[in-house]
1. Would you mind stating whether MET94 is under 30 Å from ARG145 (Cβ atoms), in a strand (DSSP E or B) and within 12 Å of the chain's Cα centre (by Cα)?
2. Mind telling me which of the residues HIS117, HIS121 ends up being modelled with pLDDT under 90 and not hydroxyl-bearing (Ser, Thr, Tyr)?
3. Looking at the range 119-170, what strands (runs of 3 or more DSSP E) fall wholly within it and have at least 1 residues that are closer than 22 Å to PHE56 by Cβ?
4. When residues of the range 138-151 are filtered for being exposed (fewer than 15 other Cβ atoms within 10 Å of the Cβ), within 23 Å of LEU51 (Cα to Cα) and either basic (Lys, Arg) or in contact (Cβ under 8 Å) with a residue 40 or more places away in the chain (or both), how many remain?
5. Considering (1) modelled with pLDDT of 90 or more; (2) surrounded by 15 or more Cβ atoms within 10 Å (Cβ to Cβ), say which one LEU168 fails and leave the rest.
6. Applying the selection to the range 105-137, what residues are in contact with a Gly (Cβ under 8 Å, 6 or more places away or on another chain) and open to solvent by 60 Å² or more (accessible area, probe 1.4 Å)?
7. For GLU102, indicate whether it is within 14 Å of the chain's Cα centre (by Cα), open to solvent by 50 Å² or more (accessible area, probe 1.4 Å) and of a type outside the set (Phe, Trp, Tyr).
8. Give me a count of the residues in the range 9-24 that are in contact with a helix residue (DSSP H, G or I) (Cβ under 9 Å, 6 or more places away or on another chain) and either more than 14 Å from VAL66 (Cα to Cα) or open to solvent by less than 80 Å² (accessible area, probe 1.4 Å) (or both).
Amino acid sequence: MWYIVYTRKLDMTFIEKRLKNRDTETFIPTQQVELTDESDGHKTIKTKYPLGRIIFIDTKKNIYKVIVENEDVLQGIFKDHATNKCAVVSDTTMQAFRIYMERDNGKVMILKAPYSHFKDHQKVRVLEGEFAGHEGRIVRIRRRRKLVLEVGNFAVAMLDFDPSKLELID
């Protein structure tokens, strides 16, 4: 079970090192963005954090104890707006999300609205790939249809998806 946690700092490398070997595993979603300097055309790669100061933690310990022990870098638990309880992500969903983020860098968009905001959109089931068996919604974003999945009540839009690998659900 993965918990969604707010951090106090945006120095994700420091946070990851700090939590390593403390009976925790962390996942910090990143996207690599290529930037071009207009004056000389020089290209650089910059790491972006699409969730800002939010990270995912899997721990055998009590999550509140982990936060207290690391209060200088961790701020608190992300709450599920629907239940007002800790937002959690199952191991299978997190595994699929991690694979997708690592393989298709930049082809995912974390939406500001929670997943529950899209409940009136067409419901589908993913038939193949990392998210096989997961249910999502088809949502029009910037004039294009996107597959939106729930990752801990975050709405995650997949920018490239094959409609033939989806099944409509009534």
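The values are calculated or read from the model by the stated rules, or taken from the named source; none is laboratory data. Since this is a predicted model, take the numbers as computed values, not measurements. Note: ideal-geometry Cβ built from the backbone for every residue, glycine included; neighbour counts use all protein chains shown. To get the accessible areas, we keep the full protein, side chains included, count just its heavy atoms, and leave off ligands, DNA and RNA. Shrake-Rupley method; radii C 1.70, N 1.55, O 1.52, S 1.80 Å.
1. Numbers: under 30 Å from ARG145 (Cβ atoms): yes; in a strand (DSSP E or B): no; within 12 Å of the chain's Cα centre (by Cα): yes.
Considered against the rule, which asks whether it is under 30 Å from ARG145 (Cβ atoms), in a strand (DSSP E or B) and within 12 Å of the chain's Cα centre (by Cα), MET94 comes out as no.
2. On the way: HIS121 fails: modelled with pLDDT under 90.
So the residue among HIS117, HIS121 that is modelled with pLDDT under 90 and not hydroxyl-bearing (Ser, Thr, Tyr) is HIS117.
3. Working: elements: 122-126, 135-141, 144-151, 154-158, 166-169.
Those strands (runs of 3 or more DSSP E) span 122-126, 135-141, 144-151, 154-158.
4. Quick first cut of the range 138-151, residues exposed (fewer than 15 other Cβ atoms within 10 Å of the Cβ) only: 140-145.
Imposing the further condition that a residue be within 23 Å of LEU51 (Cα to Cα) reduces the set to 140-142, 144-145.
Filter again for either basic (Lys, Arg) or in contact (Cβ under 8 Å) with a residue 40 or more places away in the chain (or both), leaving 140, 142, 144-145.
The total comes to 4.
5. (2)
6. Initially, the range 105-137 is screened for residues in contact with a Gly (Cβ under 8 Å, 6 or more places away or on another chain), giving 123-126.
Residues satisfying the conditions are LYS123, ARG125.
7. Working: within 14 Å of the chain's Cα centre (by Cα): yes; open to solvent by 50 Å² or more (accessible area, probe 1.4 Å): yes; of a type outside the set (Phe, Trp, Tyr): yes.
Considered against the rule, which asks whether it is within 14 Å of the chain's Cα centre (by Cα), open to solvent by 50 Å² or more (accessible area, probe 1.4 Å) and of a type outside the set (Phe, Trp, Tyr), GLU102 comes out as yes.
8. At the first step, the residues of the range 9-24 found to be in contact with a helix residue (DSSP H, G or I) (Cβ under 9 Å, 6 or more places away or on another chain) are 9, 19, 22-24.
Going one step further and asking which of them are either more than 14 Å from VAL66 (Cα to Cα) or open to solvent by less than 80 Å² (accessible area, probe 1.4 Å) (or both), we end up with 9, 19, 24.
Number satisfying all stated conditions: 3.
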